[in-house]
Amino acid sequence: MKELIRTNNMVLISYVETLLKSAGLAYFVADRNISATEGSIGLFPKRILVEAEGFDEARTLMQDAGLGDELRPLK
């Protein structure tokens, strides 16, 4: 899996999940449960990971949705 977005913004995460689901792309939100450890203060960002096969499609989908600035840089 490849990292698509890293954010503390729960609304953004929900929106990205909706976009990925509607496109049929496999994804995983990592570090979601760290909030229990941190006391829900939003200190640690959550990472949205996408299957390598659908990564380019997911990036294009995010850019088309106006979320290009949220994408992690390509390595």
> Pairs, please: C-beta under 8 Å, at least 6 apart or cross-chain, first residue at positive phi and surrounded by fewer than 14 Cβ atoms within 10 Å (Cβ to Cβ) and in the range 18-41, second polar (S, T, N, Q) and at pLDDT 95 or above?
Replying inline: none
>> Just the residues that are assigned to a helix (DSSP H, G or I), under 16 Å from residue 7 (Cβ atoms) and modelled with pLDDT of 95 or more, please, taken from the range 18-60.
In response: 18, 19, 20, 58, 59
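The values are calculated or read from the model by the stated rules, or taken from the named source; none is laboratory data. Source: prediction; values computed, not measured. Note that we place each Cβ from the backbone using ideal geometry, even for glycine, and neighbour counts take in every protein chain shown.
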